[in-house]
Amino acid sequence: MPKDCSILKSIIDKINNKGLDNTEFCDNMKLFRTIINKSYYKSFIVTPESYCAVPWWNCKELYYSINYSTKYAVDVTNQKWILANCVGLHFWNNFTFNKHCIDFTKIKIDSIYHRLFHHYLN
């Protein structure tokens, strides 16, 4: 969405209006999807695989492997497809640092993280 998007502002305002006391009972993504589906932006919605091809339960594998497990009946495409077709990739920051405590000195050379890091940032 562009900067100062009125639809995004509307979504944020609705979430904020629920108040901090109600945050645990508020499904912010459901609210986001409901508003987006009624807007001009609905035509830009793509499949989750386009931006989030590796689900949260495979967070560790982004750093240490090239194989991804199926869970909740969700199959993960292979690394070659992900690198060729995704417009973005979620590295699950909370899991990376809080749950798995990824050791960046032990990253596998063929992992997605290593390949992207050395292609774009090194």
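The values are calculated or read from the model by the stated rules, or taken from the named source; none is laboratory data. If you're wondering where the values come from, they're calculated on a predicted model, not measured in any experiment. Cβ sites come from the backbone with ideal geometry, for glycine too, and all protein chains shown count toward neighbours.
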TODO: Please verify whether the range 48-66 includes one or more residues that are within 30 Å of residue 7 (Cβ to Cβ), at pLDDT below 85, among the aliphatic types (A, V, I, L, M) and not assigned by TED's automatic domain parsing to the domain that holds residue 10.
DONE: no
Open item on the list: Could you go through the range 36-59 and let me know if any residue there is in a loop (DSSP other than H, G, I, E, B), surrounded by 16 or more Cβ atoms within 10 Å (Cβ to Cβ) and without any contact (Cβ under 8 Å) to a residue 24 or more places away in the chain.
Closed with: yes
